[in-house]
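Shown next, in structure tokens, is the structure this report addresses.
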Amino acid sequence: MKRTVRILVLFLALMAFWMVLSARLDPLFLVIGVASAAWIAWYTIAVLDSEVGERPDAGGFNPVALVTYILWLFVRQVVSGFSLAWVVVNPRRAPQPGVFRFRTGLALPAARTILANSITLVPGTNTIEVEDDLFTVHAFNAASAADIAEAKVQRRIARIFRVPPDDPPQLEWEPLYDPSTADQRPDGDVEVERGREGR
């Protein structure tokens, strides 16, 4: 996507955001919105290109997959929120928090940015650190990591950018979960690196 088109898309997105927040159509607010959106789009496009990554013109982008992903993520937020609430109010299902690490095959900085933020947006998981392809995530319990362990999130993001999908990653847990304890693992979806048991 050429730089001019990227600036225009960013400007339109910022202007739409301004219109939603202000909810006013009088000339003063429209002029302020246009000026603000134009200045921010022009000033930040270089930062976005360097930090998030510039998509080559020959590459692909699937806007339908993006919309579908946003809707899917919203549903996952609601479902995960109710699941966590049930664990909290049910005395027989104590939470088992832990930290896990995994690697992703998503090479585009924009794809990794969406992945990191998506993990944090869904209740039960929070991205702690991202270093290249290595993600460190805190989880409320192992079931909260099921979508990541099955690569559901990674594959949907890959469809947005039309890149090869991720395989299910191996999750390294600290502390390690005891598979004999009920409700700690999402039906065996989480693979554990046994070599770290001594830690």
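For segment 18-39, indicate whether the set of residues that are at pLDDT below 85, among the polar types (S, T, N, Q) and under 25 Å from L115 (Cβ atoms) is non-empty. No, there is no match, as no residue in segment 18-39 is at pLDDT below 85, among the polar types (S, T, N, Q) and under 25 Å from L115 (Cβ atoms). Flag set for E191, criterion: modelled with pLDDT under 55 and assigned by TED's automatic domain parsing to the domain that holds R101.
Checking each residue in segment 115-149 for being surrounded by fewer than 21 Cβ atoms within 10 Å (Cβ to Cβ) and in a helix (DSSP H, G or I) picks out A116, N117, T120, L121, A146. Answer yes or no: is there a residue in segment 123-131 that is more than 23 Å from Q170 (Cβ to Cβ) and touching a helix residue (DSSP H, G or I) at 6+ places or on another chain (Cβ under 8 Å). Looking through segment 123-131, at least one residue is more than 23 Å from Q170 (Cβ to Cβ) and touching a helix residue (DSSP H, G or I) at 6+ places or on another chain (Cβ under 8 Å).
Given the criteria at pLDDT below 95, within 28 Å of S144 (Cβ to Cβ) and crowded, with 16+ Cβ neighbours inside 10 Å, does R93 qualify? No: the conditions fail for R93.
Say whether the condition of being under 15 Å from the mean Cα position of the chain (by Cα) and among the aliphatic types (A, V, I, L, M) is met by at least one residue in segment 87-106. Yes, segment 87-106 has at least one match. In the condition set (1) among the polar types (S, T, N, Q); (2) farther than 22 Å from P164 by Cβ; (3) without any contact (Cβ under 8 Å) to a residue 40 or more places away in the chain, S80 is compliant with all but (3).
The values are calculated or read from the model by the stated rules, or taken from the named source; none is laboratory data. Since we're looking at a predicted model, the values are computed, not measured. FYI the Cβ positions are ideal-geometry reconstructions off the backbone, even for glycines, and counts take in every protein chain you see.
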